[in-house]
Number of protein chains: 2
Amino acid sequence: MSTYTAIKLMQRPTGSIGPELFEVVQESVPEVSDGELLIRQTHMSLDPAMLGWMSADTESYIPPVELGSVMRSSGLGEVVESKHPKFAKGDRVMGMFGWQEMALSDGRGVNKIDAALDPEMVISVFALPGLTATQGLYSIGKPKSGETLVVSGAAGSVGSIVGQLAKADGLKVIGVVGSQEKADWITKELGFDGAVNYKTDDIGSRLDELVPEGIDVYFENTGGPVQHRVFERMNAHGRIVVCGMIADYTAKEPASGPNWMNIIKKRLLIQGFTMPDHFDKTKELQAKLTPYVQKGQIKYRSHTIEGLESAMSGLNLLFTGENKGKLIVKL
Amino acid sequence: MSTYTAIKLMQRPTGSIGPELFEVVQESVPEVSDGELLIRQTHMSLDPAMLGWMSADTESYIPPVELGSVMRSSGLGEVVESKHPKFAKGDRVMGMFGWQEMALSDGRGVNKIDAALDPEMVISVFALPGLTATQGLYSIGKPKSGETLVVSGAAGSVGSIVGQLAKADGLKVIGVVGSQEKADWITKELGFDGAVNYKTDDIGSRLDELVPEGIDVYFENTGGPVQHRVFERMNAHGRIVVCGMIADYTAKEPASGPNWMNIIKKRLLIQGFTMPDHFDKTKELQAKLTPYVQKGQIKYRSHTIEGLESAMSGLNLLFTGENKGKLIVKL
């Protein structure tokens, strides 16, 4: 009887995230029953949202991963056996397969993916990052040509797509990043109109220089001091998409938010969302993204690490900002 | 040639609000030209929003009152002369007539009011407070029967109407107030399900007691510590209507807002509004309010002070919380 490797979450994170939180186990390859399919995973996506899934305090968010269970993640794989009417052996599929080499599924939440597409592109654009960017930008941010958008975490997997979609839609786009290398990438490669390096720039003065006209849409991925400086510069009827607060995920004390007086004065809309609420719209969101991808308007870069077990230490790269592009584990 | 009294704003407020900011002048009664009407004002409304109108920093909000101009306010009056096709002598009208006994108008923004209605009821319910409550509650709060709503400034002119509309719509309603007398009024007279006295209660514990199920809609009129305690208790997909921050209007330093992590976790919507953006919907909003008033579901109390000049010191009552009900100046 053959086996495969899986990684289980054994402890909730309290500070840094590393191998000490997990256990690597060998599991027997299961029998496939009627209505099921067996997937061999080829690529796994590592995303900041995972820290939320690993934590116990997520209340009304999607349930946390139970201790002793396989760590949750989305990924790409190939069907190796199918007794499910909608899937055949050899199909390329995407789904929440978890940190394991093989996954048994009843087909729910599993989507077929064109086998001609580059797997790193699929994970970087058509999976969680692109879905999240598209859902947040269009359903909350409602960008209009001629407006100004600022996105934090702009070189990240979500932020880079948000900025490129907005540029393609005719907005002026400024990205906030944490290194000169990332600033160069978003302005020179992705076509952003400007970059703020929150580690070296005086954020307020730099924004005054780049967006004297004020900000209509803010796509928030990070929190931190950037949030306050952008908030003060929002235009009347501005929209703020609250997608991530990565600066706060590992903070001991939550940072203060801005005073709400500006919400009245500028009649702001601020809305948070999490992608799992909208997974039923996956096909629709992918359809919205497709023409931008086909026109070559969405560039991406991926940061691939090798082997299932590399995920355990690799996840921390997202919180140190060391990853350069969408973090992918190749199995 | 006859004259009337008017009050002009001469200084911007820096701390307290009193007669030192204004000048009382006598003006000549103007000639009425074609397309105009002359109104004798009978009742003036004093509202917290006035402090914003008096301040110079309102940027993209409605323009501040210019120094040397008649102070802005809404009021009720009688047409004493009309060369306007839509108005006749004797009509009861409502509009932004300002701090003056008589007002010349071209009819824009002037609405006819049923002369049978009690003038204090008109100002307390169908004017700014009721319009503001209705606009904010329904267009942002989107209350649903069975949900829980918390409103701060609950004994105020806007808050008391918000709570009563929500009760009539089948919500559980808790009001935050600053005195036992106000707590008694909203629970015993208006039918609220409970009250928090922010001056004497431990706000968090009291909310835990009153709304263990969490909060679906928060209607924010005050800011202050209440904001944080309510924010922490919002349910998933909760809505926060940001209408007023009266605790901050006279504060030297703006208070910190809550950390935004909860906006993501609970997928909250937070939206600010100011009624002047929506004055074109006045008739529609009054029509929405009317059935509640006709069914006796909207009680109000007014606090009337006498004489135009009483407005100068009376305005401050709104910020000390000493007014008991809608503040009205009877001319």
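The values are calculated or read from the model by the stated rules, or taken from the named source; none is laboratory data. Quantities reported herein were computed from a predicted structural model and do not represent experimental measurements. Neighbour counts are summed over all protein chains in view; Cβ atoms, including those assigned to glycine, are modelled from backbone coordinates with ideal geometry.
Taken together, A:Asp193, A:Asp169, A:Asp184, A:Asp201 contain a single residue that is in contact with a Pro (Cβ under 6 Å, 6 or more places away or on another chain), of a type in the set (D, E, K, R) and without any contact (Cβ under 8 Å) to a residue 40 or more places away in the chain, which is A:Asp169.
Within 14 Å of chain B (Cβ to nearest Cβ) and on the phi < 0 side of the Ramachandran plot, is that true of A:Gly75? Judged against the criteria, A:Gly75 is not a match. Within region B:236-264, the set of residues being within 9 Å of chain A (Cβ to nearest Cβ), touching a residue at least 24 places away in the same chain (Cβ under 8 Å) and more than 16 Å from B:Leu51 (Cα to Cα) comprises B:Ala236, B:His237, B:Ile240, B:Val242, B:Ala255, B:Gly257, B:Pro258, B:Asn262. Checking each residue in region A:293-313 for being crowded, with 16+ Cβ neighbours inside 10 Å and in contact with a Gly (Cβ under 7 Å, 6 or more places away or on another chain) picks out A:Tyr300, A:Arg301, A:Ser302, A:His303, A:Ile305, A:Met312.
When A:Lys182 is tested against (1) within 14 Å of another protein chain (Cβ to nearest Cβ); (2) closer than 21 Å to A:Phe319 by Cα, exactly one condition is not met: (1). Suppose we filter region B:23-41 for residues that are crowded, with 16+ Cβ neighbours inside 10 Å, part of a strand (DSSP E or B) and β-branched (Val, Ile, Thr); how many remain? Adding up the residues that qualify gives 1. Is region B:196-211 home to any residue that is buried (at least 24 other Cβ atoms within 10 Å of the Cβ) and of a type outside the set (D, E, K, R)? Yes; the residues of region B:196-211 include at least one that is buried (at least 24 other Cβ atoms within 10 Å of the Cβ) and of a type outside the set (D, E, K, R).
When region A:265-292 is limited to residues that are at the interface with chain B (Cβ under 10 Å from one of its Cβ atoms) and among the aliphatic types (A, V, I, L, M), the one that is surrounded by the fewest Cβ atoms within 10 Å (Cβ to Cβ) turns out to be A:Leu269.
If you check A:Arg108 against the conditions, is it surrounded by fewer than 23 Cβ atoms within 10 Å (Cβ to Cβ) and touching a residue at least 12 places away in the same chain (Cβ under 8 Å)? Judged against the criteria, A:Arg108 is not a match. The single condition among (1) within 12 Å of chain B (Cβ to nearest Cβ); (2) under 30 Å from B:Ser55 (Cβ atoms); (3) buried (at least 23 other Cβ atoms within 10 Å of the Cβ) that A:Val217 does not satisfy is (1). Close Cβ contacts (under 8 Å, 6 or more residues apart or on different chains) running from residues in region A:69-87 that are of a type in the set (Phe, Trp, Tyr) to residues that are loosely packed, with under 15 Cβ neighbours inside 10 Å comprise A:Phe87/A:Lys112. Note on region B:182-220: residues that are part of a loop (DSSP other than H, G, I, E, B) and basic (Lys, Arg) amount to 1. From the list A:Gln135, A:Gln164, the one residue that fits, being touching a helix residue (DSSP H, G or I) at 6+ places or on another chain (Cβ under 7 Å) and in a helix (DSSP H, G or I), is A:Gln135. Any residue that is buried (at least 23 other Cβ atoms within 10 Å of the Cβ), in a helix (DSSP H, G or I) and either of a type outside the set (Lys, Arg) or at pLDDT below 95 (or both) - is there at least one of those in region B:167-179? No, every residue in region B:167-179 fails to be buried (at least 23 other Cβ atoms within 10 Å of the Cβ), in a helix (DSSP H, G or I) and either of a type outside the set (Lys, Arg) or at pLDDT below 95 (or both).
Kindly evaluate A:Val80 against the criterion of being aliphatic (A, V, I, L, M), surrounded by fewer than 21 Cβ atoms within 10 Å (Cβ to Cβ), part of a strand (DSSP E or B) and modelled with pLDDT of 95 or more. Spelling it out, A:Val80 is indeed aliphatic (A, V, I, L, M), surrounded by fewer than 21 Cβ atoms within 10 Å (Cβ to Cβ), part of a strand (DSSP E or B) and modelled with pLDDT of 95 or more.
Somewhere in region A:53-62, is a residue outside the structural domain of A:Gly156 (by TED's automatic domain parsing), farther than 30 Å from A:Asp114 by Cβ, in a strand (DSSP E or B) and not polar (S, T, N, Q)? It would help to see each step written out before you state the result.
Pass one, region A:53-62, residues outside the structural domain of A:Gly156 (by TED's automatic domain parsing): A:53-62.
With the extra rule that they be farther than 30 Å from A:Asp114 by Cβ, the set shrinks to A:54-61.
Filter once more, so that each one left must be in a strand (DSSP E or B): none.
No, that holds for no residue.
Here's a check for you: in region B:315-331, which residue that is of a type outside the set (S, T, N, Q) and more than 15 Å from the chain's Cα centre (by Cα) is modelled with the lowest pLDDT?
B:Glu322
Quick one: count up the residues across region A:137-163 that are surrounded by 22 or more Cβ atoms within 10 Å (Cβ to Cβ) and either outside the structural domain of A:Val241 (by TED's automatic domain parsing) or among the polar types (S, T, N, Q) (or both). Counting residues in region A:137-163 that are surrounded by 22 or more Cβ atoms within 10 Å (Cβ to Cβ) and either outside the structural domain of A:Val241 (by TED's automatic domain parsing) or among the polar types (S, T, N, Q) (or both) gives 4.
Cβ separations smaller than 7 Å between residues 6+ apart or across chains give the following pairs from region A:17-43 residues that are farther than 22 Å from A:Leu317 by Cα to residues that are exposed (fewer than 13 other Cβ atoms within 10 Å of the Cβ): A:Gln26/A:Thr3; A:Glu27/A:Thr3; A:Ser28/A:Met1; A:Ser28/A:Thr3; A:Val29/A:Ser2; A:Val29/A:Thr3; A:Gly35/A:Asp106; A:Glu36/A:Asp106. Would you confirm, using the coordinates I've provided, whether A:His278 is modelled with pLDDT under 95 and not acidic (Asp, Glu)? So A:His278 fits the description; yes. Could you tell me whether any residue of region A:74-84 is closer than 25 Å to A:Gly153 by Cβ and not hydrophobic (A, V, I, L, M, F, W, C)? Yes.
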